[in-house]
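The values are calculated or read from the model by the stated rules, or taken from the named source; none is laboratory data. What you see is a predicted model, and the numbers here were worked out from it, not measured in a lab. A quick note on method: Cβ atoms are made from the backbone with ideal geometry, for glycine too, and the neighbour counts reach across all protein chains shown.
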Amino acid sequence: MSKPLVSMCIPAYNNEEYISDTIESILNQTYKNIELIIVDDCSKDGTLELIRSYEAKDERVKVYANEKNLGMAGNWNKALSLTKGEYVKLICADDRLVPTCVEREVEMFERYPSAVLVESDSRLISLDGKGKGFYKRYGRKPLVDGRKVLRAGFFNKDYFGAPQANLIKRSAYEKSGGIDSSFTYIVDYEFLAKIAVQGDIAIIHEPMNEFRVRHESNTGQVMHIGSPKNRIYLEEHRRLFKREQKALGLSDGAINVAMLIRRFRCFAAEMYLLLMVRK
């Protein structure tokens with residue numbers, strides 16, 4: 001039997017410097033039955049020309065150029081809407097996958113039919129590709145109730161991590177309704193939360209992907225306590241916590257505790273970026 005199609009999505013905007021690394025890490029996967037959807041959101045650098053060169057060389061690559069800028073949520077939804085695979089993955093245009101990532105993720109779906117999401121640990125890398133540590137997923141078991149992971153993340157860290165660490169079952173994506181454009185800074189977290197509450201999560205406790213960190217990135221700005229972006233970021237978390245309050249059995253007091261923990265984690269993340277990551 002043929003292996004199921006896996007749709008990989010790169011929403012691109014001014015990513016000329018790093019997007020080749022991302023694309024090549026996808027095209028060099030040991031799992032070959034993939035399609036790569038790249039949607040350029042009116043880049044002002046050479047991103048569009050660069051990604052079109054890959055489309056000309058590999059029939060699995062499909063490039064789309066927006067006529068007007070859709071913003072993060074809009075472009076991510078556009079990319080997802082163009083997919084045809086049984087499984088889908090979003091990848092930011094400066095992150096990478098290890099060669100066996102997709103193969104291992106599909107194997108986990110085959111092993112655990114109740115899973116709606118497969119995720120793995122991440123290796124953190126600097127702008128020049130040097131290792132900067134690891135981001136671990138939830139617990140040690142290979143299969144966990146998605147609600148349990150989501151609830152634990154409210155009081156600890158975002159166990160979903162960046163988009164490239166997750167492979168999503170198509171039926172769960174369609175049921176979720178996609179990414180909520182009313183969110184600005186936690187669009188991937190909000191989206192994956194809607195996936196997680198639908199079933200189990202299969203977890204590969206190995207780094208199957210690489211997340212590029214940098215102090216001057218949007219993430220770095222959002223983590224700065226007291227900044228306008230940080231205030232919006234925290235308010236979006238409160239809105240998400242309230243939305244899932246009943247489903248996860250959270251009291252108002254528990255949500256207040258979760259918000260205090262989120263503020264502390266912003267401070268810790270900002271210190272990490274200042275001390276450990278080259279600007």
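For this structure, a couple of remarks:
- Test: LYS194 is surrounded by 19 or more Cβ atoms within 10 Å (Cβ to Cβ) and charged (D, E, K, R): yes
- Matching residues, the range 227-264, being crowded, with 17+ Cβ neighbours inside 10 Å and part of a loop (DSSP other than H, G, I, E, B): GLU244, LEU250
- Considering the range 57-146, the qualifying strands (runs of 3 or more DSSP E), each wholly inside and each with 2 or more residues that are within 20 Å of PHE191 (Cα to Cα), run over 87-90, 115-125, 143-145.
- Selection within the range 222-279 - among the polar types (S, T, N, Q) and touching a residue at least 24 places away in the same chain (Cβ under 8 Å): ASN230
- Among the residues of the range 17-32, just one is part of a loop (DSSP other than H, G, I, E, B) and closer than 15 Å to GLU55 by Cα, namely ASN28.
- Some residue of the range 196-212 being assigned to a helix (DSSP H, G or I) and of a type in the set (Lys, Arg): no
- Once the range 137-152 is narrowed to residues that are without any contact (Cβ under 8 Å) to a residue 60 or more places away in the chain and under 19 Å from PRO207 (Cβ atoms), the residue that is nearest to the chain's Cα centre (by Cα) is VAL149.
- Qualifying residue in the range 161-170 (condition: in contact with an Asp or Glu (Cβ under 6 Å, 6 or more places away or on another chain), touching a residue at least 12 places away in the same chain (Cβ under 8 Å), within 29 Å of LEU82 (Cα to Cα) and part of a loop (DSSP other than H, G, I, E, B)): no
- Within the range 1-24, considering residues that are closer than 15 Å to GLU86 by Cα and among the hydroxyl-bearing types (Ser, Thr, Tyr), the one farthest from the chain's Cα centre (by Cα): SER2
- Lone qualifier among ALA247, ALA269, ALA196 - being modelled with pLDDT of 95 or more and closer than 28 Å to LEU167 by Cα: ALA196
- A residue that is in contact (Cβ under 8 Å) with a residue 12 or more places away in the chain, surrounded by fewer than 16 Cβ atoms within 10 Å (Cβ to Cβ) and under 28 Å from MET108 (Cα atoms) cannot be found anywhere in the range 44-52.
- Checked against (1) surrounded by 19 or more Cβ atoms within 10 Å (Cβ to Cβ); (2) over 12 Å from ASP95 (Cα atoms); (3) hydroxyl-bearing (Ser, Thr, Tyr), THR30 passes all but condition (1).
- Subset of the range 161-171 (residues that are surrounded by fewer than 21 Cβ atoms within 10 Å (Cβ to Cβ) and either in the same structural domain as ARG238 (by TED's automatic domain parsing) or of a type outside the set (Lys, Arg) (or both)): SER171
- Counted residues, the range 137-154 - those being modelled with pLDDT of 95 or more and surrounded by fewer than 18 Cβ atoms within 10 Å (Cβ to Cβ): 6
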